[in-house]
Amino acid sequence: MRLVFAGTPEVAVPALDALIGSGRHEVVAVVTRPDAPAGRGRRLVASPVAERAMEAGIEVLKPGRPREPEFLERLREIGPDCCPVVAYGALLPKVALDVPARGWVNLHFSLLPAWRGAAPVQHSIMAGDEITGASTFLIEEGLDSGPVYGTVTEEVRPTDTSGDLLTRLAFAGAGLLAATMDGIEDGTLGAVPQSGEGVSLAPKITVEDARVDWRAPALRVDRVVRGCTPAPGAWTTFRGERLKLIQVTPLPDRRGLAPGQLAVGKNNVYVGTGSYAVELLWVQAQGKKPMRAADWARGVRGADGETLGG
């Protein structure tokens, strides 16, 4: 099939590579978000998908909005059979959905109908799921509600951050997307409507969502930290300034600390929660680089007995 691939961040690149290297389909163009400012100089930088496409000599389309007449006209000129999508980052209007004869097929990082929305991996970890996965489905106008072509499953490991899990799903999902394209092309794969049961939503995680509530149980604190790492970053406050929490570990045998209360040892820093304590392993103070929590505590001095989060 002639494919137009839509995607933007690094997590979409493995799927693009899988399709480029399939030997069966031709990626004739890529649709991605416009260049965005990055770095200290805030210069405009192309998306990871755009950079990979340019390396491969593939045409790159960067519409501000996918309903722009110029973009739609070019899409019709290209005449794709199907448009695979991975984390494109913009809603596709019906006028665009109607262009490819075999539709737009999205690779979504959850086992649909669970975790429909922008942040399925983060929500899966924060909810304590033990199993998650990826799904390919035919895009409709609803939110991730289209019929499903296929799935792969992935275990959520006890120490997984959303970054860890998303990396594994990106590669497993790349193979799933390529196989889905094969099945659509040869007619051996049909899409099955999603169940009306088990629907859950995964909206974008806000900065406020990532604020740790020390009154919550230790397992919840750990899940929030892992689910919000690397982005948007779990955080609390200390002496009125924000403190980013990069890694903690629950300690069921350590009790007796009030929620948010710090206990600082020579090489360890503990914090009370609504159940038992967690140990702070890595943190990042405002304007500083990530550091071991014990080094941070030595630097701020006198933190023992103080409270995080006000």
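The values are calculated or read from the model by the stated rules, or taken from the named source; none is laboratory data. Small disclaimer: the values here were computed from a predicted structure and weren't measured. Cβ: placed from backbone, ideal geometry, glycine included. Neighbour counts: every protein chain shown. Please note that ligands, DNA and RNA were not included when accessible areas were found on the heavy atoms of the full protein model with its side chains. Shrake-Rupley method; radii C 1.70, N 1.55, O 1.52, S 1.80 Å.
Summary of computed values
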| item | result |
| --- | --- |
| Residue count, the range 110-143 (criterion: open to solvent by 30 Å² or more (accessible area, probe 1.4 Å), of a type in the set (A, V, I, L, M, F, W, C) and over 15 Å from LEU166 (Cβ atoms)) | 5 |
| Close pairs (9 angstrom Cβ cut-off, 6 or more residues apart or separate chains): under 19 Å from VAL11 (Cα atoms) in the range 50-74, of a type in the set (Lys, Arg) and surrounded by 15 or more Cβ atoms within 10 Å (Cβ to Cβ) anywhere | ALA50/ARG33; ALA50/LYS62; ILE58/ARG52; LEU61/ARG74; LYS62/ARG33 |
| Leading residue by the ranking (nearest to ALA297 (Cα to Cα)) among those in the range 268-287 that are open to solvent by 40 Å² or more (accessible area, probe 1.4 Å), assigned to a loop (DSSP other than H, G, I, E, B) and at pLDDT 95 or above | ASN268 |
| Of residues in the range 44-75 being assigned to a strand (DSSP E or B) and either at pLDDT below 95 or more than 23 Å from ARG2 (Cβ to Cβ) (or both), the one least open to solvent (accessible area, probe 1.4 Å) | VAL45 |
| In the range 1-16, the residues that are open to solvent by 10 Å² or more (accessible area, probe 1.4 Å), aliphatic (A, V, I, L, M) and not in a helix (DSSP H, G or I) | MET1 |
| Any hit, the range 178-197, residues being in contact with a Pro (Cβ under 9 Å, 6 or more places away or on another chain) and within 30 Å of PRO252 (Cβ to Cβ) | no |
| Qualifying residue in the range 86-101 (condition: touching a Cys at 6+ places or on another chain (Cβ under 6 Å), of a type outside the set (Ser, Thr, Tyr) and closer than 25 Å to ASP182 by Cβ) | yes |
| Selection within the range 76-109 - open to solvent by 40 Å² or more (accessible area, probe 1.4 Å) and in contact (Cβ under 8 Å) with a residue 40 or more places away in the chain | ASP81, ALA87, GLY89, LYS94, ARG102 |
| Yes/no for THR167 being assigned to a strand (DSSP E or B) and either touching a residue at least 12 places away in the same chain (Cβ under 8 Å) or touching a Pro at 6+ places or on another chain (Cβ under 8 Å) (or both) | no |
| Filter result (crowded, with 16+ Cβ neighbours inside 10 Å, closer than 13 Å to MET181 by Cβ and not aliphatic (A, V, I, L, M)) within the range 17-43 | SER22, HIS25 |
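Every residue, every condition in (1) surrounded by fewer than 19 Cβ atoms within 10 Å (Cβ to Cβ); (2) on the phi < 0 side of the Ramachandran plot, yes or no:
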{"site": "GLY198", "(1), (2)": "yes, no"}
{"site": "ILE205", "(1), (2)": "no, yes"}
{"site": "ARG211", "(1), (2)": "yes, yes"}
{"site": "ARG215", "(1), (2)": "yes, yes"}
{"site": "LEU219", "(1), (2)": "yes, yes"}
{"site": "ARG226", "(1), (2)": "no, yes"}
{"site": "ARG239", "(1), (2)": "yes, no"}
{"site": "GLY256", "(1), (2)": "yes, no"}
